[in-house]
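A short write-up of the structure that comes next.
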Amino acid sequence: MTAVHVQSVTKRFGETTVLHGIDAEIPQGAFAVLVGPSGCGKSTLLRLIAGLEQVTDGRILFGEQDVTALPPRDRDIAMVFQSYALYPHMTVRDNMAFGLQLRKTDPATIEARVCEVAKTLDIDHLLTRYPRQLSGGQRQRVAMGRAIVRRPALFMFDEPLSNLDPALRTQVRVDIRRLHDAHDATSVYVTHDQVEAMTLADILFVLEGGHVQQSGPPLEVYERPKNRFVAEFLGSPAMNMVPATIQGTSLQFDDGSSSLGLDSVTGFEGLIEGRSVDVGIRAQDAQRCADTEADLHIAVRFVETLGSHVHVHGTVGDAPFIAAFEGSRGPDPGDVVPVRVTRFHLFDSESGTSLRSS
Ligand SMILES: Nc1ncnc2c1ncn2[C@@H]1O[C@H](COP(=O)(O)OP(=O)(O)OP(=O)(O)O)[C@@H](O)[C@H]1O
Ligand SMILES: [Mg+2]
């Protein structure tokens, strides 16, 4: 395993800059996740770390070693992609052994490692089959097995689960994390799925438009988003954003009907009177209450029943709003529901920068 240091890395394709001076520190043994919307540069950053693309500017170090100019084969990495890229004419055993054979590892060692890894991945009964005789999930495991037998210093994954059905996706996700832990590996994992990102990562990098918007332990990023983009990207349903104005010790929502006390916000006195803000409220932080205790009123449009809770879709003034209420029955469309807000975040309406959290 190795630490990865990405230092001021810029990548241009012709005239287009797709990564703008990226800094990323991935500690030895960490599971790092690069997450962000389509086209933000995740795969490009991964390919730069792997050496499959050349940086335009900046440096990449593995531990103390500057690998910026090294070809992929000299970087001691293994990659698992969305498409399994198994050799169709080779059995599972030969697919897994191939990388070691190229390295002239002795046959007994190869056999021992293939068997050991196949066992941990629960594919040892499939070793004589060909890829076409496997399910999607099994193929993905073989692709992972092929990476693991080489015992690389660094594992790299680019959306390895996106071809799998939801149940299998959860299972293989757990396997990936288990294997990472068992092999004391350092891993870099790319996804646009925020659930994968939250559940897998020790350290999360949220990318947008070729910039790292925020990095850190996933819960910290989730609870203290630095800006509106990160706040809305992480969490499902996405964080609600309701426009408001700061008036004295409270927030006046633009629909004029309701207001929210600022007393729970540390240092709110520093906020500028009359400033326009977006109040960010997660669905589970809006709870049904008596009318006299209400911070907000939701005009209900429709309700989704999920079994243990309901998602109430509606509006607060002109802003769309989703609340998650516990229980199996929700309000009806057309109702106006009073809610109390247990936690909120304030963002500058112009820049989107986080101002305060309650
Ligand atoms: N070889 C290339 N030549 C020109 N532009 C490229 C090349 N590779 C990627 N790009 C551009 O760089 C940007 C980032 O692409 P990248 O593949 O890194 O995105 P991504 O975050 O992995 O997206 P996705 O989630 O869709 O896989 C995109 O706008 C893409 O069109
Ligand atoms: Mg990609």
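The values are calculated or read from the model by the stated rules, or taken from the named source; none is laboratory data. Quick caveat, the model's predicted, so the values are computed rather than measured. Using ideal geometry, Cβ is built from the backbone for each residue, glycine included, and neighbour counts are taken over all protein chains shown.
Listing for the model above:
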item: Selected residue (only one of Glu159, Glu208, Glu223, Glu196 is at pLDDT 90 or above and under 24 Å from Phe98 (Cβ atoms)); result: Glu159
item: Pair list, Cβ < 6 Å and 6+ apart or interchain, from the range 149-167 residues that are within 14 Å of Gln138 (Cα to Cα) and assigned to a loop (DSSP other than H, G, I, E, B) to residues that are within 16 Å of ligand 1 (Cβ to nearest atom) and among the hydrophobic types (A, V, I, L, M, F, W, C); result: Pro160/Val80
item: Residue that is away from ligand 1 (no atom under 16 Å from the Cβ), of a type outside the set (Phe, Trp, Tyr) and assigned to a loop (DSSP other than H, G, I, E, B), where the choices are Asp175, Asp181, Asp122; result: Asp122
item: Residues of the range 258-297 that turn out to be of a type outside the set (S, T, N, Q) and over 21 Å from Arg228 (Cβ atoms), as a count; result: 11
item: Neighbours by Cβ (under 6 Å, 6+ apart or cross-chain): first from the range 313-341, crowded, with 19+ Cβ neighbours inside 10 Å; second in a loop (DSSP other than H, G, I, E, B); result: Ile322/Pro237; Val337/Pro331; Val341/Asp295
item: Leu34 being assigned by TED's automatic domain parsing to the domain that holds Gln138, within 16 Å of ligand 1 (Cβ to nearest atom) and either part of a helix (DSSP H, G or I) or under 17 Å from Arg150 (Cα atoms) (or both); result: no
item: Some residue of the range 149-162 being away from ligand 1 (no atom under 16 Å from the Cβ) and in contact with a Leu (Cβ under 8 Å, 6 or more places away or on another chain); result: yes
item: Only one of Gly21, Gly51, Gly58, Gly36 that is crowded, with 17+ Cβ neighbours inside 10 Å and in contact with a His (Cβ under 9 Å, 6 or more places away or on another chain); result: Gly36
item: Tally, over the range 83-106, of residues that are buried (at least 17 other Cβ atoms within 10 Å of the Cβ) and among the polar types (S, T, N, Q); result: 2
item: Residues of the range 170-221 that turn out to be touching a residue at least 24 places away in the same chain (Cβ under 8 Å) and closer than 30 Å to Arg113 by Cβ, as a count; result: 24
item: Which listed residue, of Gly58, Gly14, is out of contact with any helix residue (DSSP H, G or I) (no Cβ under 8 Å at 6 or more places or on another chain), in the same structural domain as Ser215 (by TED's automatic domain parsing) and within 9 Å of ligand 1 (Cβ to nearest atom); result: Gly14
item: From Leu52, Leu70, Leu61, residue being closer than 23 Å to Val190 by Cβ and in a strand (DSSP E or B); result: Leu61
item: The range 22-56, residues that are without any contact (Cβ under 8 Å) to a residue 40 or more places away in the chain, farther than 23 Å from Met1 by Cβ and more than 11 Å from ligand 2 (Cβ to nearest atom); result: Gln54
item: Qualifying residue in the range 4-15 (condition: of a type in the set (D, E, K, R) and in a loop (DSSP other than H, G, I, E, B)); result: yes
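Quick grid of which residues meet (1) farther than 27 Å from Arg75 by Cα; (2) among the aliphatic types (A, V, I, L, M):
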site	(1), (2)
Asp184	no, no
Val188	no, yes
Asp202	no, no
Pro218	yes, no
Asn227	yes, no
